[in-house]
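The values are calculated or read from the model by the stated rules, or taken from the named source; none is laboratory data. Since this is a predicted model, take the numbers as computed values, not measurements. Here Cβ is always computed from backbone atoms with ideal geometry, including for glycine, and neighbour counts include all displayed protein chains.
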Amino acid sequence: MELRELARDVYACLQPDRGLGTSNSGLLNRGGGLVVDTFWDLPHTRQMIDTYARVWKAPARRVVNTHRNGDHCWGHQLFPDAEIIGHRLCAAEFGKERPEFMQTLRNSGSSSDPALAAFARRLADWDFAGIELRPPKTLIDERLTLDLDGIHADLIYVGPAHTAGDLIVHLPAERIVFTGDILFRLCTPIGWEGTYDRWIAALDRIVALAPDVVVPGHGPVCGLEGPREMKAYLQYVRAESKRLFDRGLSAVDAAKRIDLGPYAGWTEPERIVFQVERAYRELRGEPFDAPIDVTPLFGAMHELAREQRH
């Protein structure tokens, strides 16, 4: 893990991009300390804590949870005395993903289902044992401003975009934004509850804040080129999805036909299956928070990844 100093007393902890689950975190090392997101399991979160221990005198007293996905919050229990802050929809949907289920998947590498076996192999670096879910208790509706001994941090609600309860963390004086999974940098995004319009609006919100440094939920630190590129990707996939929807193709067939062009080099390009399915749900007029049957989508992703390799 890399500890990168972004400004005085402001850091990012960046995991090497190995695809699935390798998220980023942030540290504001003043006023008792504030961590932006923990990691997907306890071993990786312990490594994150060891990394931050190089600069802090004591563990942070606050943790901001940008959204409900486990790769940003399943390490919260390792901050047992910290105030956990998040959007109320993040807290309400915190249990949608279960670590014990992921551990079962991880251990199913010999499954006769090739898609399941392939997914299990991608979880080999993670260990979901012993995780106790710790949802946010300090809840936000639209905005919360914190003063950490001179560092002003604005926690801003921008969902439902990637999930229902998305927050970004803006440091106006330092011109830094921690985006959570509103931004996947050079990494194909995947979305759960939310809409294209809200996700694009959230990216526009980041650009309007005019930061010099943007820390994405996944991928390398960047400037405004990051949210601009991802906005272009979402607009392109939505437009291509509508074109193929109007021709009567299924979402899976559409995902296979879309030319990824400049986005083909992003990690996990097969995730386009989820983005096309989101576009199709919107085109069918389904609610943004309707339950998603992820099993066939992951199967289609496995099939598409195999085709892309060949």
Inset, instruction - Residues that are farther than 13 Å from L234 by Cα, touching a residue at least 40 places away in the same chain (Cβ under 8 Å) and of a type outside the set (V, I, T): find the strands (runs of 3 or more DSSP E) completely inside segment 150-192 holding 2 or more of those. - result: 151-157, 167-171
Legend entry - Pairs with Cβ under 7 Å, 6+ apart, first in segment 37-54 and outside any loop (DSSP other than H, G, I, E, B), second at pLDDT 95 or above and among the polar types (S, T, N, Q): T45/T38; M48/S25; M48/T38
Inset, instruction - With the condition kept exactly as written, say whether any residue in segment 293-300 is closer than 30 Å to M102 by Cα, modelled with pLDDT under 95 and surrounded by 21 or more Cβ atoms within 10 Å (Cβ to Cβ). - result: yes
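Condition test on V221, is it within 28 Å of E97 (Cα to Cα), touching a helix residue (DSSP H, G or I) at 6+ places or on another chain (Cβ under 9 Å), among the β-branched types (V, I, T) and surrounded by fewer than 21 Cβ atoms within 10 Å (Cβ to Cβ)?
It is false that V221 is within 28 Å of E97 (Cα to Cα), touching a helix residue (DSSP H, G or I) at 6+ places or on another chain (Cβ under 9 Å), among the β-branched types (V, I, T) and surrounded by fewer than 21 Cβ atoms within 10 Å (Cβ to Cβ).
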Legend entry - Filter result (under 26 Å from P269 (Cβ atoms), part of a loop (DSSP other than H, G, I, E, B) and either modelled with pLDDT of 95 or more or among the small types (G, A, S) (or both)) within segment 193-214: G194, T195
Inset, instruction - Those residues that are small (G, A, S), more than 18 Å from L144 (Cα to Cα) and either part of a loop (DSSP other than H, G, I, E, B) or out of contact with any helix residue (DSSP H, G or I) (no Cβ under 8 Å at 6 or more places or on another chain) (or both), I need them from segment 61-88; list them, please. - result: G75
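Within segment 229-253, track down each residue that is of a type in the set (A, V, I, L, M) and within 25 Å of A201 (Cα to Cα).
Listed by number, the residues that qualify are M230, A232, L234, V237, A239, L244, A251.
Among residues belonging to segment 1-24 that are in a strand (DSSP E or B) and of a type in the set (D, E, K, R), point out the one that is farthest from E270 (Cα to Cα).
The initial filter retains those residues of segment 1-24 that are in a strand (DSSP E or B), namely 2-7, 10-14, 24.
Okay, now just the ones that are also of a type in the set (D, E, K, R), so 2, 4-5.
Numbers: E2: 27, R4: 30, E5: 33 Å.
The qualifying residue farthest from E270 (Cα to Cα) is E5.
Can you tell me how many residues in segment 99-144 are in a helix (DSSP H, G or I), of a type in the set (D, E, K, R) and touching a residue at least 60 places away in the same chain (Cβ under 8 Å)?
Step one: filter segment 99-144 for residues in a helix (DSSP H, G or I), giving 99-106, 114-122.
Still in the running and of a type in the set (D, E, K, R): 100, 106, 121-122.
Then drop every residue that is not touching a residue at least 60 places away in the same chain (Cβ under 8 Å), which leaves 122.
Count: 1.
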